[in-house]
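What follows is a single structure, written as structure tokens, with notes after it.
The values are calculated or read from the model by the stated rules, or taken from the named source; none is laboratory data. Since we're looking at a predicted model, the values are computed, not measured. Positions of Cβ are backbone-derived with ideal geometry, glycine not excepted, and every protein chain shown enters the neighbour counts. Just the protein is used for accessible areas: all its heavy atoms, side chains included, with ligands, DNA and RNA removed. Shrake-Rupley method; radii C 1.70, N 1.55, O 1.52, S 1.80 Å.
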Amino acid sequence: MKHGLILFAHGARAASWAAPFERLRDATQARTPDAEVALAFLELMTPSLPDTVAAMVARGIDQVTVVPVFLGQGGHLLRDLPALCNTIRAAHPGLHLDVVGAIGEDPGVQRAMTDYCVASLGARGD
């Protein structure tokens with residue numbers, strides 16, 4: 001079984017917005033050499049999630065995990081992502097597609113963000 005991991009982000013008009021997500025993708029790929037790691041966007045940027053999955057399936061990947069790189073479970077993750085996944089599953093019936101929770105809801109990620117916020121108190125530019 002060949003594995004794919006897709007970091008799924010919102011997207012923005014400014015191309016520079018994608019830079020931290022690209023670094024996250026590259027760092028994740030470096031730690032998971034046996035899986036293909038890609039970045040996909042909900043809107044405003046490409047590639048889309050369906051296009052990214054289709055490209056992976058064309059390369060023989062038959063198991064894909066989607067990691068929503070969102071802080072929480074808002075409307076996009078509650079409505080838009082399930083609809084996209086239903087469309088993807090219909091288009092690729094042999095694909096095993098998993099979606100995990102929003103990255104920002106993970107306790108470890110919450111601790112890292114808290115550490116950053118606390119450390120910012122000492123980094124004031126006064």
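Here is the figure for segment 1-29: residues that are farther than 22 Å from L97 by Cα and among the aliphatic types (A, V, I, L, M) total 6.
A Cβ distance below 6 Å, combined with a sequence gap of six or more or placement on separate chains, defines the contacts here; from segment 1-24, residues that are at pLDDT below 95 reach residues that are surrounded by 12 or more Cβ atoms within 10 Å (Cβ to Cβ) and in a strand (DSSP E or B) in the pairs M1/Q63; G11/F41. Residue count for segment 1-30 under the criterion of being open to solvent by 60 Å² or more (accessible area, probe 1.4 Å) and either within 16 Å of D80 (Cα to Cα) or of a type in the set (D, E) (or both): the result is 2.
If you scan segment 43-69, which residues turn out to be at pLDDT below 95 and either under 17 Å from R89 (Cβ atoms) or within 10 Å of the chain's Cα centre (by Cα) (or both)? Of everything in segment 43-69, nothing turns out to be at pLDDT below 95 and either under 17 Å from R89 (Cβ atoms) or within 10 Å of the chain's Cα centre (by Cα) (or both).
Mind checking whether some residue in segment 109-116 is in a strand (DSSP E or B), over 12 Å from I6 (Cβ atoms), open to solvent by 80 Å² or more (accessible area, probe 1.4 Å) and at pLDDT 95 or above? Checked segment 109-116: no residue is in a strand (DSSP E or B), over 12 Å from I6 (Cβ atoms), open to solvent by 80 Å² or more (accessible area, probe 1.4 Å) and at pLDDT 95 or above.
Looking across segment 93-107, the residues that are part of a loop (DSSP other than H, G, I, E, B) and either open to solvent by less than 40 Å² (accessible area, probe 1.4 Å) or in contact with a Phe, Trp or Tyr (Cβ under 7 Å, 6 or more places away or on another chain) (or both) come down to L95, A102. Among all residue pairs at least 6 apart or on different chains, which show Cβ distances below 7 Å where the first residue, located in segment 53-72, is over 15 Å from V99 (Cβ atoms) and the second is surrounded by fewer than 16 Cβ atoms within 10 Å (Cβ to Cβ) and among the hydrophobic types (A, V, I, L, M, F, W, C)? Close Cβ pairs (under 7 Å, with a partner that is surrounded by fewer than 16 Cβ atoms within 10 Å (Cβ to Cβ) and among the hydrophobic types (A, V, I, L, M, F, W, C)) amount to D62/M1. Only one of the numbered conditions (1) open to solvent by less than 60 Å² (accessible area, probe 1.4 Å); (2) within 26 Å of G94 (Cα to Cα); (3) not aromatic (F, W, Y) is not met by P33, and that is (1). Report yes if L78 is touching a residue at least 40 places away in the same chain (Cβ under 8 Å), more than 21 Å from F21 (Cα to Cα) and surrounded by fewer than 18 Cβ atoms within 10 Å (Cβ to Cβ), otherwise no. No.
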